[in-house]
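Asker: Here it is: the structure, laid out below.
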């Protein structure tokens, strides 16, 4: 489906859903409260409903602002106007993520503890975070882009184009929406590598090596497939009990095209148990301490060959699993105090 056809479907749904939720909010809150009383798995239902309302309004305001930015800058065919247009869309992206983070922190009483923030200083980086939840997608924008006045080019799954804001603003910015079902891996890698072209000093690139959100079920399924496809990786991945094995083609392709940027990895904990929006109802976010840790590998220490890069990536995944374990232990100890 092309952009126009998709937006003819998603935009009316967005505005209709926002109107229905907002106008009927007292009724929906009553139902959510009753659901929380009757079903133990829905104890956070009222908070989730309010967060959903905030999310929908962030989407609506984002879409309306994107239209205004197009009218103000997008119609002018000049280099200066194009630069202002891109800068404004980057700012809109940061605003959207920051408002969602604030809403989540207030509604679910989240507390954030950041380690290694100094690793994000300097020029743009290649950022490779762990991915376990819809919530952890806000970490790079809030704690890197906004906090350090930097911009990220994203490698995103194509399914996210069903989100109107990501569809509109994400396609204006230099991102790449990867087709995970494509049989043409080479084409997808080339699309990722194209993000390194003309990379300004304040721009970085983000890719999720796992390619999807972690869950125990996904991990077991992948380990079973690796038993026949790649026994060597399976043996190593068995130790990554908190991670999915990285999909090497995209990250390695990106690192092979790396124009000289350091690589930063991001471990975190606190968002587990909410791999999808519906699982938020179980209250897994309530009173959670979200712990985040960054570490940097200088460009000079990053290998240059595909074979060496695969070993490098797996070594970092060993460390990622260790870091996540340490963060989880620290969060548990803090909870006991």
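Asker: Which condition number does residue 285 fail, the rest of (1) modelled with pLDDT of 90 or more; (2) under 30 Å from residue 37 (Cα atoms); (3) not in a helix (DSSP H, G or I) being met?
Answerer: The failed condition is (1).
Asker: Just need a number here: residues in region 189-211 that are in contact with a strand residue (DSSP E or B) (Cβ under 7 Å, 6 or more places away or on another chain) and closer than 18 Å to residue 133 by Cα.
Answerer: Residues in region 189-211 being in contact with a strand residue (DSSP E or B) (Cβ under 7 Å, 6 or more places away or on another chain) and closer than 18 Å to residue 133 by Cα: 4 in total.
Asker: If a residue has to be in contact with a strand residue (DSSP E or B) (Cβ under 8 Å, 6 or more places away or on another chain) and within 13 Å of residue 150 (Cβ to Cβ) to count, how many in region 90-122 make the cut?
Answerer: Within region 90-122, residues that are in contact with a strand residue (DSSP E or B) (Cβ under 8 Å, 6 or more places away or on another chain) and within 13 Å of residue 150 (Cβ to Cβ) number 4.
Asker: If you don't mind, another one. If residue 19 satisfies all but one of (1) within 23 Å of residue 96 (Cα to Cα); (2) surrounded by fewer than 18 Cβ atoms within 10 Å (Cβ to Cβ); (3) in contact (Cβ under 8 Å) with a residue 60 or more places away in the chain, what's the number of the condition it fails?
Answerer: With respect to (1) within 23 Å of residue 96 (Cα to Cα); (2) surrounded by fewer than 18 Cβ atoms within 10 Å (Cβ to Cβ); (3) in contact (Cβ under 8 Å) with a residue 60 or more places away in the chain, residue 19 is out only on (3).
Asker: Go through 271, 214 for me and flag whichever is touching a strand residue (DSSP E or B) at 6+ places or on another chain (Cβ under 9 Å) and within 26 Å of residue 329 (Cβ to Cβ).
Answerer: Within the list 271, 214, the selection yields 271.
Asker: Please determine whether any residue of region 258-274 is at pLDDT below 95, out of contact with any helix residue (DSSP H, G or I) (no Cβ under 8 Å at 6 or more places or on another chain) and surrounded by fewer than 16 Cβ atoms within 10 Å (Cβ to Cβ).
Answerer: no
Asker: Residue 307: farther than 19 Å from residue 242 by Cα and in a helix (DSSP H, G or I), yes or no?
Answerer: yes
Asker: Tally the residues that are part of a helix (DSSP H, G or I) and without any contact (Cβ under 8 Å) to a residue 24 or more places away in the chain, restricting the search to region 235-276.
Answerer: Residues flagged as part of a helix (DSSP H, G or I) and without any contact (Cβ under 8 Å) to a residue 24 or more places away in the chain within region 235-276 amount to 2.
Asker: Another question, then. For the structure I just gave you, tell me whether residue 319 is surrounded by fewer than 18 Cβ atoms within 10 Å (Cβ to Cβ), more than 26 Å from residue 186 (Cβ to Cβ) and modelled with pLDDT of 95 or more.
Answerer: Taking the combined requirement at face value, the residue satisfies it.
Asker: Here are 62, 41, 36, 24: which of them is more than 27 Å from residue 161 (Cβ to Cβ) and buried (at least 18 other Cβ atoms within 10 Å of the Cβ)?
Answerer: 36 is the lone residue from the list that is more than 27 Å from residue 161 (Cβ to Cβ) and buried (at least 18 other Cβ atoms within 10 Å of the Cβ).
Yes or no, residue by residue, for (1) more than 30 Å from residue 334 (Cβ to Cβ); (2) surrounded by 16 or more Cβ atoms within 10 Å (Cβ to Cβ):
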residue: 84; (1), (2): yes, yes
residue: 89; (1), (2): yes, yes
residue: 93; (1), (2): yes, yes
residue: 104; (1), (2): no, yes
residue: 111; (1), (2): no, no
residue: 120; (1), (2): no, yes
residue: 126; (1), (2): yes, yes
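Asker: Does residue 221 satisfy being without any contact (Cβ under 8 Å) to a residue 40 or more places away in the chain and either assigned to a loop (DSSP other than H, G, I, E, B) or surrounded by 15 or more Cβ atoms within 10 Å (Cβ to Cβ) (or both)?
Answerer: So residue 221 fails the test.
Asker: Let me ask something else. Can you name the number of the only condition in (1) outside any loop (DSSP other than H, G, I, E, B); (2) within 23 Å of the chain's Cα centre (by Cα); (3) touching a residue at least 24 places away in the same chain (Cβ under 8 Å); (4) more than 28 Å from residue 122 (Cα to Cα) that residue 279 fails?
Answerer: Failed condition: (3).
Asker: Mind checking which residues of region 154-188 are farther than 18 Å from residue 70 by Cα and out of contact with any strand residue (DSSP E or B) (no Cβ under 8 Å at 6 or more places or on another chain)?
Answerer: 159, 162, 163, 179, 181, 182, 183, 184, 185, 186, 187
The values are calculated or read from the model by the stated rules, or taken from the named source; none is laboratory data. Small disclaimer: the values here were computed from a predicted structure and weren't measured. Ideal geometry is used to build each Cβ from the backbone, glycine not excepted, and the neighbour counts take in all protein chains shown.
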